[in-house]
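First up is the structure itself, then whatever we jot down about it.
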Amino acid sequence: MIPDSRPMSFSVGTITTFVMPHMQNVRGDLFGGELMALVDQAAAGATGMAVIAATLLNVMCDGGHLIAATDLYEVTNSLICQDLVGIGGKVTQVDATDFEAVESAMKLCRQYHKLRGNSTKYKVIARETAYHGTTMGCLMATGIPNLRAPYEPLPPGGCHVPNTNTYRLPEGHSPDELAEAIAHRIEFEDPSTVSAIILEPVQNAGGCFVAPEGYWQRVREIADEYDVVLISDEVICSWGRLGEWFGAQRYGYQPDIITTAKGITSAYAAMGAVIASDRIFEPFAHGTTSFTHGITFGGHPVAAAVALANIAVFEEEELNEHVRANEPAFRGMLDSLRDIPIVGDVRGAGYFQAIELVKDQATKRSFTDEESETLLRGFLSAELFKRGLICRADDRGDPVVQLSPPLIAGPEQFAEIESVLRPVLEEASRRMHCE
C-alpha cells in the first residue's frame, strides 16, 4: 500500500515537528540482516573508502533499526529545549547542504507571511559583503558583488545594509548606527514588502565581523516592530565554533529561524537544517497545512546517523566548554602578532578569528586589488599551506587571514600555529613594504 503522502507530525516533549512520511524510521529485514551482511562483507576486506562506507553503515543501522531524520529531529529538538531557553522551536527541515538550509529558510519566511495574509512580504535584508550561498535564491541575500554579477538579474528582493566591521567604521559615525541602518532600509523598502532579516552571529566574509554591544537586541526589536522574521544564519557559527551550540546563545538574542550545517556533522557527511521558533511554526500547525518544500537528499539516514554521533561526542567531550576555556589563549596568541607591520586588526569570537592585513598600520591603508592578488594568491596561501597551516587567505572584503582551528585544539596547537603564522606574516610584510 502506498502511504499517505501528507506530512505527519510527532511530538518531542512539548515540541511538535513535521516531516515527510519517507523520513520515518524503517525497521525489519530490509535494513536488518541483508544490509548488515553487506556491512560485514565490506568491513572484512575493505580499505580506503570502503572502510569509511562500512563504518557509516554500521553507525546507521542498529539491530535492524535504520536511523532516520526523525532521530535527528528528536536529539536536536532536545538541545533546543535544554539549551536555548526562551527560543523554543522546531527542526522544520533537514537539508543536504548549507545553501539548501538558507534557501529553505527564505522560502519558509515567504510561506509564513502568506499564511498570515501578508502576501506582499518577500524582500530580504542582509549585510554588505555577507555570504549566504550561491544558489539563485541565496545570491539574492549574498552581499558580494563579484559573486552576484555573473548571474544577474537575480530574483528580486535582496536589500543590503552596512556590515559590522567597526575597524573601518567611517569617521564621525557611531556603532549604534549599524543596527539602525536595518530599520532605515525596511522603511525605505516599505515594511509591508519586507519578509526577513538574515544575519550571521559573526560575519564570515570580510573576516569575522563581530557586532557591537547591543546590536542584536536592537535588531530583535526592529524585527518585532516591522513584523519581519529574524534569521540567524549559523551555517558556520553553530556547533561549538563560538563555544556554544548556537551563536545566538553567545550574544543573547532570540532568532525566529536558525539555519545550520557544517558542524552539525563535523563535515563527515553533508547535512543542513532549519530550526523555526514556535511563532513561525504556528501557521503550519493547522489542518493539512505543510511547508511545501523538499530536497532529494534531505534527512538522509547516513547523514542523520553521523550528526547524532557527532552531537554525542560534543556532549561527552564537553567541546563547547573546551572552546570557551581556551579562547583567551587562542586570541592572545593572535593579538601577539600585532607588532608585525602588516597586521592591522585582530577580531572574531571563539575558534573563529581573523587577521586583517594592511599596508600601513597607522592609517589602516589597505592594498590595491593588484597588491592583494600578489599578497594572497602570489605568496600567503601557498606559503602557509607549504609550512603545514591550513587557513583561509581571503579578499572578498579587505585582505584577511582567517583561522578556525579544530574544536579540540589547545595551547600546544596554538603555539604550532604561531610558529608558522609569525614568520610568514613577517616575510609578507617585507615583501609588501608595509609600514
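The values are calculated or read from the model by the stated rules, or taken from the named source; none is laboratory data. On a predicted model such as this, the values are computed, not experimentally measured, just so you know. Positions of Cβ are backbone-derived with ideal geometry, glycine not excepted, and every protein chain shown enters the neighbour counts.
See the values below:
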quantity: Residue among GLY298, GLY294 that is in a loop (DSSP other than H, G, I, E, B), surrounded by fewer than 23 Cβ atoms within 10 Å (Cβ to Cβ) and touching a residue at least 60 places away in the same chain (Cβ under 8 Å); calculated: GLY294
quantity: Per-region count, the range 396-435, residues under 16 Å from PHE379 (Cα atoms) and either buried (at least 19 other Cβ atoms within 10 Å of the Cβ) or not charged (D, E, K, R) (or both); calculated: 14
quantity: Selection within the range 240-258 - closer than 22 Å to GLU327 by Cα and part of a loop (DSSP other than H, G, I, E, B); calculated: GLY240, ARG241, LEU242, GLY243, GLU244, TRP245, PHE246, GLY252, TYR253
quantity: LEU337, sole failed condition from (1) of a type in the set (A, V, I, L, M, F, W, C); (2) buried (at least 19 other Cβ atoms within 10 Å of the Cβ); (3) outside the structural domain of PRO212 (by TED's automatic domain parsing); calculated: (2)
quantity: Residues of the range 173-214 satisfying the condition of being in contact with a strand residue (DSSP E or B) (Cβ under 9 Å, 6 or more places away or on another chain), hydroxyl-bearing (Ser, Thr, Tyr) and surrounded by fewer than 23 Cβ atoms within 10 Å (Cβ to Cβ); calculated: THR193
quantity: Among the candidates TYR112, TYR151, TYR167, TYR131, residue that is in contact (Cβ under 8 Å) with a residue 40 or more places away in the chain and either touching a Lys or Arg at 6+ places or on another chain (Cβ under 6 Å) or surrounded by fewer than 19 Cβ atoms within 10 Å (Cβ to Cβ) (or both); calculated: TYR167
quantity: Residue within the range 355-363 that is touching a Ser or Thr at 6+ places or on another chain (Cβ under 8 Å), crowded, with 22+ Cβ neighbours inside 10 Å, hydrophobic (A, V, I, L, M, F, W, C) and in a loop (DSSP other than H, G, I, E, B) present; calculated: yes
quantity: Among residues of the range 387-410, those that are outside any loop (DSSP other than H, G, I, E, B) and either of a type in the set (Phe, Trp, Tyr) or at pLDDT 95 or above (or both), counted; calculated: 4
quantity: Contacts under 7 angstrom Cβ, first residue in the range 206-233 being more than 19 Å from ASP176 (Cα to Cα), partner hydroxyl-bearing (Ser, Thr, Tyr) and outside any strand (DSSP E or B), 6 or more apart; calculated: GLY206/THR129; VAL229/TYR112
quantity: Test set (1) more than 30 Å from TRP239 (Cα to Cα); (2) in contact with a Phe, Trp or Tyr (Cβ under 8 Å, 6 or more places away or on another chain); (3) at pLDDT 95 or above; (4) not aromatic (Phe, Trp, Tyr) - ILE340 fails condition number; calculated: (2)
quantity: ALA382 vs. criteria outside any loop (DSSP other than H, G, I, E, B) and among the hydrophobic types (A, V, I, L, M, F, W, C); calculated: yes
quantity: Per-region count, the range 273-291, residues surrounded by fewer than 24 Cβ atoms within 10 Å (Cβ to Cβ), small (Gly, Ala, Ser) and either closer than 17 Å to THR260 by Cβ or free of Cβ contacts under 8 Å to residues at least 12 places away in the same chain (or both); calculated: 2
